[in-house]
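Here the structure is laid out as structure tokens; the discussion comes afterwards.
The values are calculated or read from the model by the stated rules, or taken from the named source; none is laboratory data. As the structure is a computational prediction, the values presented were derived from the model and not from experiment. Here the Cβ positions follow ideal geometry from the backbone for every residue, glycine too, while neighbour counts run over all protein chains shown.
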Amino acid sequence: MFFRALVPAVPLALLVGCEGGDINLFTIEDDKQLGKDVAAEIEADPATYPILDEQEFADAYDHLYRIRDELLVSNDFEHADDFVWELHIIDDDETLNAFCTPGGYIYVYTGLMRYLDHEDELAGVLGHEMAHADNRHSTEQLTEIYGISTLLSLVVGGDPGLLGDVATSLVSLQFSRGDEAQADEYSVRYLCDTDYAANGTAGFFEKLIAEGDSGYIPEFLSSHPDPGNRVADINALAEDLECNTEYDPDADYAALLDTLPSSGQTQ
């Protein structure tokens with residue numbers, strides 16, 4: 001059971017004074033266990049989350065893992081060796097979404113992959129989601145949402161159904177503007193250490209704006225709803241860090257898309 005180490009680890013003064021603040025009561029091991037629990041719940045619900053089989057679609061997974069491995073080389077990761085960073089592709093062409101649970105279980109929808117035009121953009125989005133996990137934003141949000149007293153009740157054998165509720169809520173968890181800005185920042189920093197354009201995430205926002213979709217922001221980016229500001233901030237940081245901003249000419253994004261199932265094939 002996670003939270004097992006919280007009571008001795010949290011001083012009484014902190015418990016009294018931090019309700020609703022930017023506090024994370026989870027340990028690294030808690031993040032890993034919670035992510036594992038969420039992954040199990042997702043796997044048990046194929047109607048909602050039709051995950052592509054890793055053996056049947058080995059080429060698609062291999063391609064994504066190559067992108068992941070390039071990102072994890074960055075020394076800006078704090079938990080590169082702590083978390084599993086396991087990839088899953090959800091076969092849903094209607095959904096522009098991606099998310100990463102605590103502990104590094106990464107989920108990418110085929111709808112998002114098909115919407116993007118360049119591999120650098122996908123690398124940017126993956127970096128953004130991995131940054132949420134590496135900076136432990138999910139468990140910070142849970143601490144704030146559920147409150148310290150509720151979370152601590154799990155330690156002493158409170159409502160046994162609460163653990164399932166906490167795990168389920170992670171799939172659609174919305175982050176604060178500050179968390180989104182930090183994830184954007186770290187996406188740039190991760191990509192800056194690769195051959196990808198460090199501002200790859202900005203390309204996604206630019207496409208939304210160009211197509212007149214700026215009023216619709218995918219769920220995984222919805223808590224900071226001004227794509228124009230984010231483009232400017234991402235580009236400015238890439239310039240300040242003197243990162244490459246040219247799309248990787250050797251990245252064959254069409255080859256990755258060709259490894260995905262035809263629309264509706266696995267439904």
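General remarks:
- Candidate set: the range 57-69, residues that are over 17 Å from TYR105 (Cα atoms) and in contact (Cβ under 8 Å) with a residue 40 or more places away in the chain; chosen: the one surrounded by the fewest Cβ atoms within 10 Å (Cβ to Cβ): ASP59
- When TYR190, TYR196 are checked against the criterion of being touching a Phe, Trp or Tyr at 6+ places or on another chain (Cβ under 9 Å), outside any helix (DSSP H, G or I) and within 15 Å of ASP248 (Cβ to Cβ), a single residue qualifies: TYR196.
- Within the range 74-91, considering residues that are of a type in the set (Phe, Trp, Tyr) and out of contact with any Asp or Glu (no Cβ under 7 Å at 6 or more places or on another chain), the one nearest to ASN135 (Cα to Cα): PHE83
- The residues in the range 70-91 that are of a type in the set (A, V, I, L, M), crowded, with 16+ Cβ neighbours inside 10 Å and touching a strand residue (DSSP E or B) at 6+ places or on another chain (Cβ under 9 Å) can be counted, and the count is 3.
- Residue check for TYR109: of a type in the set (Ser, Thr, Tyr), closer than 20 Å to THR259 by Cβ and more than 15 Å from the chain's Cα centre (by Cα): no
- Considering the range 21-60, and only residues there that are out of contact with any strand residue (DSSP E or B) (no Cβ under 6 Å at 6 or more places or on another chain) and hydroxyl-bearing (Ser, Thr, Tyr), the residue that is modelled with the lowest pLDDT turns out to be THR27.
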